[in-house]
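This report concerns only the one structure given below.
The values are calculated or read from the model by the stated rules, or taken from the named source; none is laboratory data. Bear in mind the structure is a predicted one, so any value in this text is a computation, not a measurement. So basically every Cβ, Gly included, is an ideal-geometry build from the backbone, and we count neighbours across all protein chains shown. The accessibility values were calculated without ligands, DNA or RNA, using every heavy atom of the protein model including side chains. Shrake-Rupley method; radii C 1.70, N 1.55, O 1.52, S 1.80 Å.
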Protein chains: 2
Amino acid sequence: MTLTPLLPVPTETGRVWIKAESLQLGGAFKLRGAYNRLAQMNAEERRAGVVAFSSGNHAQGVARAAAMLDTAATIVMPADAPAVKMAATRALGAEIVTYDRHTESREAIAASLAVERGAVLVPSFDDVDVIEGQGTAGLEIAEQLGRAPRRVIVPCGGGGLAAGIALALPNSAIVTAEPEGWDDMARSLAGGKIVEVAADAPFTSCDALQSRRVSDLTFGALREAGAHGLWVSEAETQAAMRFAFGLGLVVEPGGAVALAAWLAGKVADSEGDTVIVCSGSNVDPRAFARVMEAA
Amino acid sequence: MTLTPLLPVPTETGRVWIKAESLQLGGAFKLRGAYNRLAQMNAEERRAGVVAFSSGNHAQGVARAAAMLDTAATIVMPADAPAVKMAATRALGAEIVTYDRHTESREAIAASLAVERGAVLVPSFDDVDVIEGQGTAGLEIAEQLGRAPRRVIVPCGGGGLAAGIALALPNSAIVTAEPEGWDDMARSLAGGKIVEVAADAPFTSCDALQSRRVSDLTFGALREAGAHGLWVSEAETQAAMRFAFGLGLVVEPGGAVALAAWLAGKVADSEGDTVIVCSGSNVDPRAFARVMEAA
């Protein structure tokens with residue numbers, strides 16, 4: 001695990017920072033949760049290994065945690081996952097099992113692999129240990145800032161990172177950011193109960209945030225914390241990627257949505273300290289180049 | 001000033017780190033030296049302001065230090081300096097005076113401005129306070145690592161950063177990295193006296209490292225430290241930029257030459273800790289995109 005930097009964003013107030021989880025080992029915060037979950041396994045469980053399903057960043061987090069803790073990892077990934085994420089997962093020694101995202105159920109494949117091998121299934125967000133592991137990013141923020149910030153803006157897929165940070169920073173306002181049409185956490189928080197992403201949700205480049213339903217655990221923690229949610233457009237996400245580039249950071253689309261919400265002025269209150277989490281950097285170089293060229 | 005992160009590079013030994021000066025305020029280490037020089041000025045000098053000449057990163061460093069210390073900055077820049085660097089310098093409140101790099105002398109222009117205005121001329125590397133300021137990067141490396149590393153590989157233009165780090169880390173081996181044909185520090189160290197860059201030196205994308213002559217101060221400090229120098233090709237530099245991208249870092253060509261030297265296996269000895277300085281991130285997005293697309 002790496003202590004990721006808290007980088008000042010040049011502003012007039014001087015009270016805005018980026019928590020660069022994009023610089024975490026494996027290029028995303030996911031190692032935090034995966035490591036914390038795997039560290040709870042006993043010797044017998046470690047011999048049997050772990051199974052996870054993921055479009056990418058969780059895959060790498062579990063694969064790296066497994067390598068660090070000397071256990072075997074099998075990762076179920078969609079056949080059309082970004083090549084860079086698949087290659088990195090394989091390089092960490094994990095076995096990859098692919099599936100067709102339109103016709104097959106990754107949950108069913110992972111569950112049957114887990115039963116077959118006696119392996120532990122590591123969920124990407126619906127797990128107390130995973131959520132608590134992601135929360136270490138929040139503990140670091142308070143330590144690096146010397147105080148709890150007024151608010152933290154967090155990219156949200158299943159909500160594990162946002163829920164973990166909410167638990168770690170009970171006195172900070174938590175704002176979740178999601179891609180347009182994929183703002184199920186925002187709508188769930190607004191309506192007081194979980195709503196799923198619509199079947200006809202629009203295209204999003206934020207592959208890391210394409211979870212169709214948050215969980216009772218993540219939703220419950222964020223509702224309890226009084227969090228609220230925002231969404232951003234593709235154009236706002238790309239503008240955030242270019243802004244981050246100007247600060248020296250590579251940020252993948254899904255990792256840039258919290259920065260996008262802040263840049264777009266969607267976070268109305270601006271008193272006190274604002275910490276923006278940039279949660280991942282795993283993007284194909286050519287896709288990144290296209291966003292830079294659109295400047 | 002920001003404490004820049006020391007990021008682990010995934011390797012078998014686990015003893016290689018990147019000191020990401022590319023994440024320094026202004027996108028390069030230059031603020032360190034400029035701030036340290038300007039902080040020595042008395043009240044009368046601060047009223048008159050400062051003058052500097054630079055192709056970019058030093059310009060921004062001086063402009064930002066001047067803003068922080070509430071003094072006026074005039075920067076002499078080549079008319080063909082990267083647009084991103086000019087815009088950033090202007091945004092910091094500095095006045096920019098351009099010159100034609102093929103027909104005019106920036107030294108003469110800056111000197112005459114300094115005399116005219118009674119302002120202090122801030123050299124980009126040939127100054128004890130500037131060198132000592134850059135050296136704070138070396139002090140941070142030892143603090144972050146918990147010990148002095150076996151070796152530090154440093155991008156080298158005029159040699160201010162390398163000399164500062166050499167003074168800060170007297171027990172570490174210092175390796176300078178330069179672009180092909182611009183390896184005047186390497187040849188000066190090898191020959192025991194300063195040699196200039198040849199008049200017909202080849203094209204280099206490393207605009208930040210195009211100084212034609214090192215100085216007695218920087219050369220002297222590095223010779224005293226037993227430093228030696230290496231050069232890298234354009235292709236090696238671009239490969240390093242792509243490697244840094246995979247770690248989530250935007251690094252400009254000149255900032256990537258130390259990483260390039262390490263990746264190319266040019267640093268023969270690999271025992272103990274290796275720290276690679278990535279010294280800047282100020283590159284036009286389209287130029288960066290072209291390097292990514294060449295992957």
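Values computed for the structure shown
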item	result
Residue among A:THR4, A:THR11 that is modelled with pLDDT under 95, within 30 Å of A:ASP269 (Cα to Cα) and in a loop (DSSP other than H, G, I, E, B)	A:THR11
Unique residue being touching a residue at least 60 places away in the same chain (Cβ under 8 Å), within 11 Å of chain B (Cβ to nearest Cβ) and over 24 Å from A:CYS206 (Cβ atoms) when the list is A:MET1, A:MET41	A:MET1
Residue that is within 14 Å of chain A (Cβ to nearest Cβ) and under 20 Å from the mean Cα position of the chain (by Cα), where the choices are B:VAL232, B:VAL277, B:VAL257, B:VAL214	B:VAL277
Count of residues meeting criterion [within 23 Å of A:LEU69 (Cβ to Cβ), open to solvent by less than 70 Å² (accessible area, probe 1.4 Å) and either part of a strand (DSSP E or B) or touching a Lys or Arg at 6+ places or on another chain (Cβ under 8 Å) (or both)] in segment A:90-106	3
Among (1) buried (at least 22 other Cβ atoms within 10 Å of the Cβ); (2) assigned to a loop (DSSP other than H, G, I, E, B), the one test that B:MET185 misses	(2)
Failed item, numbered, when B:MET41 is tested on (1) more than 19 Å from the chain's Cα centre (by Cα); (2) closer than 23 Å to B:THR98 by Cα; (3) open to solvent by less than 30 Å² (accessible area, probe 1.4 Å)	(2)
Answer residue from segment A:61-89, given it is part of a helix (DSSP H, G or I), farther than 18 Å from A:ALA119 by Cβ and of a type outside the set (Gly, Ala, Ser) and is farthest from the other protein chains (Cβ to nearest Cβ) among those	A:MET86
Selection status of A:ARG32, away from chain B (no Cβ under 14 Å) and surrounded by fewer than 24 Cβ atoms within 10 Å (Cβ to Cβ)	no
Top-ranked residue in segment A:286-295 [being facing chain B (nearest Cβ under 8 Å) and either open to solvent by 30 Å² or more (accessible area, probe 1.4 Å) or on the phi > 0 side of the Ramachandran plot (or both); ranked as modelled with the lowest pLDDT]	A:ALA295
Count - residues of segment A:132-162 that are in a helix (DSSP H, G or I) and surrounded by 24 or more Cβ atoms within 10 Å (Cβ to Cβ)	8
Residue list for segment B:101-125, filter: among the acidic types (Asp, Glu) and modelled with pLDDT of 95 or more	none
Test set (1) in contact (Cβ under 8 Å) with a residue 40 or more places away in the chain; (2) open to solvent by less than 40 Å² (accessible area, probe 1.4 Å) - A:ALA173 fails condition number	(2)
Among residues of segment A:226-285, those that are assigned to a loop (DSSP other than H, G, I, E, B), free of Cβ contacts under 8 Å to residues at least 24 places away in the same chain and open to solvent by less than 10 Å² (accessible area, probe 1.4 Å), counted	1
Members of segment B:190-225 that are surrounded by 14 or more Cβ atoms within 10 Å (Cβ to Cβ), part of a helix (DSSP H, G or I) and of a type in the set (D, E, K, R)	B:ASP207, B:ARG223
